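The values are calculated or read from the model by the stated rules, or taken from the named source; none is laboratory data. Keep in mind the model is a prediction, meaning the values are calculated, not measured. Every residue, glycine among them, receives a Cβ derived from its backbone with ideal geometry; neighbour counts consider all protein chains shown. Areas reflect the complete protein model, heavy atoms only, side chains present, ligands, DNA and RNA absent. Shrake-Rupley method; radii C 1.70, N 1.55, O 1.52, S 1.80 Å.
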Amino acid sequence: MKLQNFHVGITDWSKERDRAALIGIRQQVFVMEQGVPEARERDGVDPECWHVLARDEAGQPIGCARLSPDHKIGRMAVLREWRGQGVGVALLRTLIQRARTLGWSEVALAAQVSAIGFYEREGFIAHGNVFDDAGLPHRAMSLTFSDEADGDTAPPRDIGELPVASRADAAIARLQVLGDARHRLCIHWPALDNDTFASPDELAEFRRVAISGRGAQVRVLLHDPAAALRNSHRLIPLVQRLPSAVQVRVPIEEADLGDISAYLLNDVGGYLFLPEADRPRGRAARHDRASNAPLQKHFDELWERSERASVLQTLNI
């Protein structure tokens, strides 16, 4: 699975291009994939709703959702190849923030039973019995924004989003995610240049995590560890000194070696993700477990089918 970048924004149903994109996604997911009758999917409410649309870097639509005047979130749909990459979470949070901006105290939705856990992680609570909707089992869920004790509006959940639009931004984000880590780090980086994970501050954070006690673990996936050796990358001596805590593996499958994305993950939900390792543009946050989780799953799967970096074994690493 190749992880990629995307963006989410409010869109306009009245504009033909936007409307076609929304309908196209919903047709593919609900009608073709899930067997929902087309007449049931097109309920006539769309012109009155707020709509959000996710697009990939090329501008192609990949996911959508809507917020209706009766304070309900619905029509959440993400194309199959983009699931598990944080698109659904981004769509949901955009609509939740829109509802807060509108001054609403609560939003509701009818969740497919298989998706209840997804909504629960964002604070929704399920209630009532399971019911059938368009042939699929659903359950009602709701999210309340206001505090019942004093009626104050709860602030939006802060995920500590970090800007990643330049090389300097990426360096700051790397150091922040490293600095927030407690005992574990995971890194997928096709190639290490001498400016990445090589500053004294970054190396100090690596060492801090590696010697943080029982359970400390730093796992690094490199496509070309030999290049790091040839270039005397500053991370190599640290790997050599702490072989039990810092492990390096190399992907061996052609598809894995063709993945040009790069990312850094910590154990408190922090992450930095670059769709292309050699282009410092991507996304990052200090504590966003919903976005960290699919990256962690991708890393763990890749780690299991990778091999120890034999080129480093000659140095007893």
Working from Cα positions, state the angle (0 to 90°, nearest 10) between the long axis of helix 87-101 and the longest principal axis of the chain.
60
Projected onto the charge dipole of region 127-285 (+1 at Lys/Arg Cβ, -1 at Asp/Glu Cβ, origin at the Cα centre), which of 213, 160, 260 gives the Cα projection farthest towards the positive end?
213
So how far, in whole Å, is the C-alpha centre of region 239-317 from the one of region 24-97?
31
Which one of 196, 246, 124 is farthest out on the positive end of the charge dipole of the chain, using unit charges on Cβ (Lys, Arg +1; Asp, Glu -1) and the Cα centre as origin?
246
Magnitude of the Cβ-charge dipole (Lys and Arg +1, Asp and Glu -1) of the chain about the Cα centre, nearest 20 debye, reported as 760
Figure the gain on full extension for residue 231 and residue 33 (residue separation times 0.36 nm, minus the Cα-Cα span) and round it to one decimal in nm.
66.3 nm
Charges only on Cβ, +1 for Lys and Arg, -1 for Asp and Glu: so what's the dipole of region 229-290 about the Cα centre, in debye to the nearest 20?
420
How high is the relative contact order of the chain? Use alpha-carbon pairs under 8 Å, at least six apart in sequence, and give a whole percent.
15
Mind checking which of 232, 9, 108 is farthest towards the positive end of the chain's charge dipole, using Cβ charges of +1 (Lys, Arg) and -1 (Asp, Glu) about the Cα centre?
232
Roughly what angle does helix 289-304 make with the longest principal axis of the chain, taking Cα atoms, 0 to 90 degrees, to the nearest 10?
50
Cα Rg, Dmax (largest Cα-Cα span) when computed across region 203-315, Å
14.2, 39
Spin-label model distance (nm) - residue 303 vs residue 17, 7 Å beyond Cα toward Cβ
4.3
Relative contact order of region 1-81: what whole-number percent is it, with Cα pairs under 8 angstrom and at least 6 residues apart?
33
Any chance you could list P(r) for region 93-246, counting all Cα-Cα pairs in 10 angstrom bins from zero, rounded to whole %?
9, 26, 20, 18, 19, 8, 0
Distance in nm between label sites at residue 255 and residue 241, each 7 Å beyond Cα in the beta-carbon direction?
4.0
Rounded to the nearest 10, the angle in degrees between the Cα long axis of helix 16-26 and the longest principal axis of the Cα atoms of the chain comes to 80
Structure-based [θ]222 nm, the chain - -39500 (n - 2.57) summed over DSSP H runs of at least 4, per residue, nearest 500
-8500 deg cm²/dmol
Write down the radius of gyration of the chain and its Dmax, each obtained from C-alpha positions, in Å.
22.1, 67
Residue-span extension gain [residue 122 to residue 201] - 0.36 nm each, minus C-alpha spacing
25.0 nm
Please give the solvent-accessible surface of residue 199 in Å², to the nearest 10, using a probe radius of 1.4 Å with every protein chain present.
40
How do 66, 42 rank by accessible surface area computed with a 1.4 Å probe, from largest to smallest?
42, 66
Could you give the C-alpha radius of gyration of region 1-81 expressed as a fraction of 2.2 N^0.38 Å, taking N as the number of residues it contains?
1.07
Quick one: what do you get for region 37-99 if you divide its Cα Rg by 2.2 N^0.38 Å?
1.14
If each residue of separation counts as 0.36 nm, what is the full-extension length gain between residue 144 and residue 70 once their alpha-carbon separation is subtracted?
25.2 nm
In whole Å, largest first, what are the principal axis extents of the Cα atoms in region 73-149?
39, 29, 19
From most to least accessible, 1.4 Å probe, no ligand or DNA/RNA atoms counted, 93, 139, 241 line up as 241, 139, 93
Taking the highest mean first, how do the peptides 285-292, 46-53, 304-311 order by number of other beta carbon atoms within 10 angstrom per residue?
285-292, 46-53, 304-311
Note, region 108-117: 3J(HN,Hα) by Karplus (6.51, -1.76, 1.60, θ = phi - 60°), whole Hz, Gly/Pro = x, goes 10, 7, 10, 8, 4, 3, 5, 9, 4, x
Label-point separation, residue 180 to residue 104 (7 Å along Cα→Cβ), nm:
2.8
